[in-house]
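One structure is given here, and the rest of the page talks about it.
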């Protein structure tokens, strides 16, 4: 009787299995990375939401004054199913001297539960503060725009604009003048 040593074949078999497992792991990791990279292109960029947390209130330095209505560019959007709401508010804004750029339905197609949402970018803070004072209970939402335009998005409970406030400095604008976004 002769003994057959199979230790060489079993160790080579183990090496092949280990190599196959490592290769499968690397391929699976590469596929996961490729799908994750592709998925990042299909996700929508995050949009600031008024209901996600406390309301953002525009603020300016105490030494600066609020801009005159003629220096504020406003887009008026209707976020409800009431026809002519944005057009009526735009006419009121024009009558008060604001520069109305666009009157349309909300391009973001979001539901605004309150009276209005005032959207603005970093350079539009002073103008947003002026517009926000025209609608009682309006929520300010800062977005990524780079220009000084302000969006007034009319919501479900909007009725009319408040009377135009007297020109004032940001220091006397009340509790909203100290908050930041």
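Quick notes on this structure:
- Filtering region 100-132 to residues that are surrounded by fewer than 20 Cβ atoms within 10 Å (Cβ to Cβ) and closer than 20 Å to residue 163 by Cβ leaves 100, 114, 115.
The rows are residues; the columns are (1) under 16 Å from residue 68 (Cα atoms); (2) at pLDDT 90 or above; (3) out of contact with any strand residue (DSSP E or B) (no Cβ under 6 Å at 6 or more places or on another chain).
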{"position": "100", "(1), (2), (3)": "yes, yes, no"}
{"position": "116", "(1), (2), (3)": "no, yes, no"}
{"position": "125", "(1), (2), (3)": "yes, yes, yes"}
{"position": "129", "(1), (2), (3)": "yes, yes, yes"}
{"position": "149", "(1), (2), (3)": "yes, yes, no"}
{"position": "154", "(1), (2), (3)": "no, yes, no"}
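- Among (1) at pLDDT below 90; (2) in a loop (DSSP other than H, G, I, E, B) - the single one residue 171 does not satisfy: (2)
- Number of residues in region 135-146 that are touching a helix residue (DSSP H, G or I) at 6+ places or on another chain (Cβ under 8 Å) and in contact (Cβ under 8 Å) with a residue 40 or more places away in the chain: the value is 4.
The values are calculated or read from the model by the stated rules, or taken from the named source; none is laboratory data. Computed from a predicted model, the values in this text were never measured in an experiment. Don't worry about glycine lacking a Cβ; one is built from the backbone with ideal geometry, like all the others, and counts go over all protein chains shown.
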